[in-house]
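Here the structure is laid out as structure tokens; the discussion comes afterwards.
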Amino acid sequence: MSKYLIGVCFIILISGLKCSKEDTWSGEGENEMETLKEIANYSLNISEPSGIVYNSSNNLFHVVSDNTSEIFVVDSSGHVVRTIPTQSTDLEGITLSKTCDTIFVVEESEGLVTAYLTSGQKVSSFAVNVASDMEHGLEGITRNTLNHRLILLNEKQPCMLLEFDSSNEIRRKEINYSSDLSDVFYDEQTNFYWLLSDESKKVFKLSDSWDLIGEWAVKIDQGEGITIAKDRIYIVSDAENKLYVYKKPN
């Protein structure tokens, strides 16, 4: 082979390697996931917090734990203001009625949704039928304040969202882009749903038809509960006993 041909082949080989490296680098940049911007974090005097919801009527938060039957009322810095006694166990999620006078909680081990008045008086309860290992059952709950329906979340096997009108199931949908789900929150301001995953360490934004439209990374150990107040996202960590505050992305 002539020196000319050897030179041409060498140039082509080097150019190919360069393009390959540039293409690989560009792809990694485009696929890099954005992380939620943390504003603050506060210690909670609550063991293993497992759910949180914002109370717009008094600018406080309701927090549940899976190792006590009490509901904790806390301020935006995580200080416990008071507690509400309940008859429930293994609490994993919490939400409020539109007027904030009724509290709904999920009991994972029993597969129940139970309603209480803010005094702690039990109002009603109904069972949810999900083909699941009870150790990975109901994990979160929120209320669509526009149609007054409850949205429930099954943790895994399968990861699933379920919609209820009173105690009647309206629809369900499996979620296949996360290894688990920890909580769900409906944002009336945007008509979007927000999901939290402990294992994936992500927050997902869904449309009102439950289609995925965005996702962000969160640097939290065992994030278990999510809620939104104005332009802030609040997440409780089970492992750290902390309340994290993030800027809500567009």
What are the residues whose amide H is under 5 Å from the amide H of GLY137, where those residues sit 5 or more places off or on another chain and H is modelled from the backbone? GLU155
Backbone N under 20 Å from the ASN59 label point (7 Å along Cα→Cβ), restricted to the range 215-250: 227-235, 243-248
Under Stokes-Einstein, the chain at 10 °C and 1.306 mPa s, with its Kirkwood radius over C-alpha pairs, diffuses with a coefficient in µm²/s of 82
Please enumerate, by chain and number, the aspartates and glutamates with C-alpha under 15 Å from the C-alpha of LYS156, excluding those fewer than 8 residues away in the same chain. GLU92, GLU108, ASP133, GLU135, GLU139, GLU174, ASP180, ASP183, ASP198, GLU199, GLU224
In whole angstrom, how far apart do the alpha carbon centroids of the range 162-182 and the range 194-250 sit? 17
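Dipole of the chain, Cα-centred, from +1 at each Lys and Arg C-beta and -1 at each Asp and Glu C-beta, to the nearest 20 debye? Kindly include the intermediate steps, with their values, before the conclusion.
Values: 22 positive and 39 negative charges, 183 e Å.
For this selection, approximately 880 debye.
Given a cut-off of 25 Å, name the pairs among LYS98/LYS122; LYS122/LYS248; LYS205/LYS247; LYS173/LYS202; LYS98/LYS201; LYS173/LYS219 whose C-alpha atoms lie farther apart than that in the structure shown.
Numbers: LYS98/LYS122 18 Å; LYS122/LYS248 34 Å; LYS205/LYS247 14 Å; LYS173/LYS202 19 Å; LYS98/LYS201 29 Å; LYS173/LYS219 27 Å.
Result: LYS122/LYS248; LYS98/LYS201; LYS173/LYS219 exceed 25 Å.
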Which of the aspartates and glutamates could be linked to LYS230 by a straight reach, that is with a Cα gap under 18 Å, when you skip same-chain ones fewer than 8 residues away? GLU38, ASP75, ASP187, GLU188
Could you check the simple spin-label distance between SER125 and ASP211, using points 7 Å along Cα→Cβ, in nm with one decimal? 4.0
Debye sum, Cα scatterers, the range 70-166, no solvent: what log₁₀ I/I(0) at q = 0.20, 0.24 1/Å? -0.99, -1.28
Of LYS205, LYS230, LYS37, the most mobile residue in a GNM of the chain (C-alpha springs, cutoff 10 Å) is LYS230
Please give the contour-minus-distance gain from GLU240 to ASP187: 0.36 nm per residue of separation, less the Cα-Cα distance, rounded to one decimal in nm. 16.5 nm
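Compute the signed sum of charges (Lys and Arg +1, Asp and Glu -1) over the other residues within less than 14 Å, Cβ to Cβ, of ILE84. Kindly include the intermediate steps, with their values, before the conclusion.
Numbers: positive: ARG82, LYS122; negative: GLU70, ASP101.
Net charge in that neighbourhood comes out at 0.
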Net lengthening on full extension, SER76/LEU117 (0.36 nm per residue, minus Cα-Cα): 12.5 nm
Looking at the chain as a GNM with Cα springs under 10 Å, which of TYR186, TYR42, TYR177 has the largest mean-square fluctuation? TYR177
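With a/c under 1.5 counting as rounded, go ahead and sort the range 132-225 into rounded, prolate or oblate using the C-alpha gyration tensor (a ≥ b ≥ c being the square roots of the eigenvalues; past the cut-off, prolate if a/b is larger than b/c, else oblate). Write down the numbers at each step before the final one.
Numbers: a/c = 1.81, a/b = 1.20, b/c = 1.50.
Oblate shape, in that a/c is at least 1.5 and b/c is the bigger or equal ratio.
Only the coordinates and a few stated rules stand behind these numbers; no lab work does. Keep in mind that this is a model prediction, so the values were computed, not measured. All Cβ positions, even for glycine, are placed from backbone atoms using ideal geometry, and neighbour counts span all protein chains on display.
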